[in-house]
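So the structure is just underneath, and the comments pick up after that.
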Amino acid sequence: MSERASIRAAVIGVGHLGRHHARLLSTLPGVTLSGIVDQNPERAKDIAAAHATSVIPEAGSLIGQVDAVVVATPTASHAQVAGPLLRAGVSVLVEKPMARSLAEADELIEAARAGHATLAVGHTERFNPAVAAARERLTAPRFIEVHRLGTFPDRSLDIDVVFDLMIHDLDVILSIVGSPVAAIDAVGVPVLTPKIDIANVRLRFENGCIANLTASRISRDRTRKIRFFQPDSYVSVDYAAQELEVWRLVRPVAGLPGIEGGLVPVQQEEPLKRELEDFIDAVRMRRPPSVTGEDGRRALALAEDVTRGMTTVR
């Protein structure tokens with residue numbers, strides 16, 4: 001594909017998140033938003049009209065008409081929707097979690113391989129500017145603390161909070177620690193749904209790092225923070241505010257050690273836009289995306305391990 005060629009893109013599923021994919025794709029240079037697919041005809045018509053594109057009756061009609069597709073349908077349909085597109089050579093960015101099982105995740109990875117297509121997974125926090133800035137300052141985290149708390153949603157209630165919210169942080173942590181998980185201790189509580197609505201997980205990695213994660217979708221306030229503790233420094237990220245704090249231990253030649261640091265300037269930008277830019281560039285340049293199908297599978301596998309070993313309190 002020519003570096004200057006316009007990428008023909010489409011969005012399948014324009015609900016809560018998919019409509020933002022459509023909005024951003026319609027504004028990216030070198031991208032033509034060629035169509036919208038959604039099971040709700042009126043919603044599809046409204047989103048298509050807002051971005052001067054067409055309603056496509058079904059996903060299969062996109063084959064041969066587009067180069068790249070965002071799949072933002074419910075998790076249960078990801079493999080069914082994305083698989084045929086990938087096998088036909090259409091590149092796909094599939095929202096997280098990438099599938100409802102590891103078997104389906106493997107199907108998607110194999111479909112992308114067979115179709116020589118790009119498969120990216122929508123772990124958007126990887127593209128948060130504050131996370132990117134923090135990554136440059138992390139050397140050997142020994143303890144990680146995560147709080148991802150949200151108000152009760154009107155979506156994604158068909159999956160546990162581990163797959164809905166915590167999986168974002170599982171992916172970020174896996175990408176930073178770079179060591180296999182040695183042990184998992186998890187507790188979950190179903191409060192407002194039959195699924196787990198609040199969960200706490202402690203991960204111990206083979207390199208000795210410990211990560212403690214709390215995810216909730218029944219909180220009054222929204223909190224999305226991750227903190228890293230490593231020798232001689234502390235790094236704190238506020239995902240929502242895109243703020244980064246770094247504090248370091250200073251050891252003078254003489255006298256007592258001190259602490260210095262504070263807020264680090266971060267160039268704020270919409271993470272979803274950065275994710276789509278990376279996906280489109282990967283399609284155009286025929287390179288792996290920043291979050292590959294294998295990365296998405298790894299996060300899904302850990303989420304499954306967490307829920308499988310979870311003690312449920314009722």
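The values are calculated or read from the model by the stated rules, or taken from the named source; none is laboratory data. Note that the structure is predicted; figures quoted are calculated from it, not measured. Heads up, the Cβs are rebuilt from the backbone with ideal geometry, glycines too, and the neighbour counts pull from every protein chain shown.
Select from segment 88-104 the residues that are over 23 Å from His16 (Cα atoms) and buried (at least 19 other Cβ atoms within 10 Å of the Cβ) and write down the one among them that is nearest to the chain's Cα centre (by Cα).
Glu104
Hey, among Ser179, Ser175, which residue is closer than 16 Å to Leu138 by Cβ and either free of Cβ contacts under 8 Å to residues at least 60 places away in the same chain or part of a loop (DSSP other than H, G, I, E, B) (or both)?
Residue meeting the stated conditions: Ser179.
The rows are residues; the columns are (1) within 21 Å of Ile173 (Cβ to Cβ); (2) free of Cβ contacts under 8 Å to residues at least 12 places away in the same chain; (3) in a strand (DSSP E or B).
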site: Val201; (1), (2), (3): yes, no, yes
site: Ile218; (1), (2), (3): no, no, no
site: Ser236; (1), (2), (3): yes, yes, yes
site: Ala240; (1), (2), (3): yes, no, no
site: Leu256; (1), (2), (3): no, yes, no
site: Glu260; (1), (2), (3): no, no, yes
site: Arg298; (1), (2), (3): yes, no, no
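Kindly provide the set of residues from segment 31-46 that are buried (at least 17 other Cβ atoms within 10 Å of the Cβ) and outside any helix (DSSP H, G or I), ordered by number.
If the condition is that a residue be buried (at least 17 other Cβ atoms within 10 Å of the Cβ) and outside any helix (DSSP H, G or I), then Val31, Leu33, Ser34, Gly35, Ile36, Val37, Asp38 are the ones that fit.
Kindly indicate which of Ile144, Ile167, Ile159, Ile173 is under 24 Å from Gly309 (Cβ atoms), of a type in the set (A, V, I, L, M, F, W, C), buried (at least 19 other Cβ atoms within 10 Å of the Cβ) and at pLDDT below 95.
Ile159 is the lone residue from the list that is under 24 Å from Gly309 (Cβ atoms), of a type in the set (A, V, I, L, M, F, W, C), buried (at least 19 other Cβ atoms within 10 Å of the Cβ) and at pLDDT below 95.
Taking interchain pairs and intrachain pairs at least six residues apart, which have beta carbon atoms under 9 angstrom, with the first residue in segment 86-105 and outside any strand (DSSP E or B) and the second at pLDDT below 95 and of a type in the set (Phe, Trp, Tyr)?
Lys96/Phe163; Pro97/Phe163; Arg100/Phe163
Among the residues of segment 1-30 satisfying the criterion of being assigned to a strand (DSSP E or B) and more than 22 Å from the chain's Cα centre (by Cα), which is surrounded by the fewest Cβ atoms within 10 Å (Cβ to Cβ)?
Residue satisfying both the conditions and the ranking: Arg8.
Given the criterion at pLDDT 95 or above and not assigned by TED's automatic domain parsing to the domain that holds Leu149, identify the matching residue among Arg202, Arg287.
The unique qualifying residue is Arg287.
Could you check segment 183-199 and list, in sequence order, the residues that are part of a loop (DSSP other than H, G, I, E, B) and under 15 Å from Arg148 (Cβ atoms)?
Correct list: Ile196, Asp197.
Is there a residue being free of Cβ contacts under 8 Å to residues at least 12 places away in the same chain and under 20 Å from Gly309 (Cβ atoms) anywhere in segment 182-197?
Yes, that holds for at least one residue.
Answer yes if at least one residue in segment 238-260 is under 16 Å from the mean Cα position of the chain (by Cα) and surrounded by 20 or more Cβ atoms within 10 Å (Cβ to Cβ), and no otherwise.
Yes - at least one qualifying residue is present in segment 238-260.
Looking at this structure, is Ser77 at pLDDT 95 or above and surrounded by fewer than 16 Cβ atoms within 10 Å (Cβ to Cβ)?
The answer is no for Ser77.
Kindly evaluate Thr151 against the criterion of being under 18 Å from the mean Cα position of the chain (by Cα) and not hydrophobic (A, V, I, L, M, F, W, C).
no
Note down all Cβ pairs under 9 Å where the first residue falls in segment 132-148 and is in the same structural domain as Asp232 (by TED's automatic domain parsing), the second is acidic (Asp, Glu), and they're at least six residues apart or on different chains.
Close Cβ pairs satisfying both conditions: Ile144/Asp169; Val146/Asp169; Arg148/Asp169.
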